[in-house]
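To start, the structure under review is shown below, and the notes come after it.
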Amino acid sequence: MNIVLCGFMGCGKTTVGKKIARYSGLSFIDMDKYIEDKEKMTVSQIFAEKGEDYFRDVEHAACLSLAKKDNCVIASGGGALTFSRNQEAFAGCTIVFINTPLSVIQHRLRNDTKRPLLKSGDADKLFFKRRPQYFKAANLVVRGSLPPKRVAQNIIKKLNLENINETAELKGDM
Ligand code: S3P
């Protein structure tokens, strides 16, 4: 069983994913980090030197590989689950959309320099274009405007992950 977190850049996928993993005992995987390790380049470098189409292909390959893992919480890249080929790759997984308002995302990313797609200045347009795709991909939608700990707790509750690991309670604090 894998849980895949999706949603726009800055919606909280990585922070929330780490908390779910710590609580449940599932392993945490960050898709962008997985791609960076494979390519031995940062995401920014891949976009700058090889282009977005190349990035989308390695991202798709990452989705296919990660879908084969088990007992993982996967924080996907913000664009990944907007493509039907990646939605199909994760068909056997539980996909959770962290639905965070644009205003919250804008605030969180105000000083970000690492995300190439924020440089174009079209992030707001992209946000609204992608929303329907996240809804389509998701088996579960959660409110992302809450503090990450609350978002994680809500996902744990809704997916019945409370009892997945006997030592979870001992790990207690997320
Ligand atoms: C992207 C989001 C990024 C990263 C890449 C492209 C996107 O991931 O995969 O910069 O298309 O929205 P985060 O959502 O983790 O920032």
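I need the full set of residues from region 47-82 which are free of Cβ contacts under 8 Å to residues at least 24 places away in the same chain and either in a loop (DSSP other than H, G, I, E, B) or in contact with a His (Cβ under 6 Å, 6 or more places away or on another chain) (or both), in order please.
Answer for region 47-82, where residues must be free of Cβ contacts under 8 Å to residues at least 24 places away in the same chain and either in a loop (DSSP other than H, G, I, E, B) or in contact with a His (Cβ under 6 Å, 6 or more places away or on another chain) (or both): 51, 68.
Just one of 114, 125 is open to solvent by 80 Å² or more (accessible area, probe 1.4 Å), within 14 Å of the ligand (Cβ to nearest atom) and more than 17 Å from the chain's Cα centre (by Cα); which is it? Outline the logic, then answer.
Values: 114 fails: more than 17 Å from the chain's Cα centre (by Cα).
Going through 114, 125 in turn, just one is open to solvent by 80 Å² or more (accessible area, probe 1.4 Å), within 14 Å of the ligand (Cβ to nearest atom) and more than 17 Å from the chain's Cα centre (by Cα): 125.
Of all residues in region 1-44 being among the aromatic types (Phe, Trp, Tyr) and within 21 Å of residue 153 (Cα to Cα), which is farthest from the ligand (Cβ to nearest atom)? Break it down into steps so the answer makes sense when it comes.
Going through region 1-44, the residues among the aromatic types (Phe, Trp, Tyr) turn out to be 8, 23, 28, 34.
Cutting the leftovers down to within 21 Å of residue 153 (Cα to Cα) gives us 8, 23, 28.
Numbers: 8: 7, 23: 21, 28: 13 Å.
Checked region 1-44; the qualifying residue farthest from the ligand (Cβ to nearest atom) is 23.
Run residue 131 past the list (1) at pLDDT below 95; (2) within 16 Å of the chain's Cα centre (by Cα) and report the number of the one that doesn't hold.
Every condition holds for residue 131 apart from (1).
Residue-wise test of (1) open to solvent by 70 Å² or more (accessible area, probe 1.4 Å); (2) polar (S, T, N, Q); (3) within 18 Å of residue 94 (Cα to Cα).
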residue: 2; (1), (2), (3): no, yes, yes
residue: 21; (1), (2), (3): no, no, yes
residue: 24; (1), (2), (3): no, yes, yes
residue: 27; (1), (2), (3): no, yes, yes
residue: 34; (1), (2), (3): no, no, no
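Take region 61-82 and flag every residue that is open to solvent by 20 Å² or more (accessible area, probe 1.4 Å), within 15 Å of the ligand (Cβ to nearest atom) and among the polar types (S, T, N, Q). Explain how you work it out, then say what you get.
First, the residues of region 61-82 that are open to solvent by 20 Å² or more (accessible area, probe 1.4 Å): 61, 64-65, 67-71, 82.
Imposing the further condition that a residue be within 15 Å of the ligand (Cβ to nearest atom) reduces the set to 61, 82.
Matches in region 61-82: 82 only.
For residue 58, which of the numbered conditions (1) touching a Phe, Trp or Tyr at 6+ places or on another chain (Cβ under 9 Å); (2) within 12 Å of the ligand (Cβ to nearest atom) fails to hold?
That leaves (1) as the condition not met.
Please count how many residues of region 83-99 are open to solvent by 40 Å² or more (accessible area, probe 1.4 Å) and part of a loop (DSSP other than H, G, I, E, B).
Adding up the residues that qualify gives 3.
Got at least one residue in region 21-31 being in a helix (DSSP H, G or I), touching a strand residue (DSSP E or B) at 6+ places or on another chain (Cβ under 7 Å) and not polar (S, T, N, Q)?
Let us first name the residues in region 21-31 that are in a helix (DSSP H, G or I), namely 21-24, 31.
Checking the rest, the ones that are also touching a strand residue (DSSP E or B) at 6+ places or on another chain (Cβ under 7 Å) come to 21, 31.
Now drop any that are not not polar (S, T, N, Q), which leaves 21, 31.
So far as region 21-31 goes, yes, one or more of its residues are in a helix (DSSP H, G or I), touching a strand residue (DSSP E or B) at 6+ places or on another chain (Cβ under 7 Å) and not polar (S, T, N, Q).
Search region 35-46 for residues being among the charged types (D, E, K, R) and assigned to a helix (DSSP H, G or I), and hand back the single one that is nearest to residue 118 (Cα to Cα). I'd like the intermediate steps shown before the answer.
As a first pass, look at region 35-46 and keep what is among the charged types (D, E, K, R): 36-40.
Cutting the leftovers down to assigned to a helix (DSSP H, G or I) gives us 36-39.
On the way: 36: 19, 37: 22, 38: 24, 39: 22 Å.
By that ranking, first place goes to 36.
Cβ contacts < 8 Å: first residue in contact (Cβ under 8 Å) with a residue 24 or more places away in the chain, restricted to region 134-146; second residue among the basic types (Lys, Arg), any location; separation 6+ or different chain. Result?
140/158; 142/158
The values are calculated or read from the model by the stated rules, or taken from the named source; none is laboratory data. Not measured: the values here are computed from a predicted model. Using ideal geometry, Cβ is built from the backbone for each residue, glycine included, and neighbour counts are taken over all protein chains shown. Surface areas here come from the heavy atoms of the whole protein model, side chains and all, with no ligands, DNA or RNA. Shrake-Rupley method; radii C 1.70, N 1.55, O 1.52, S 1.80 Å.
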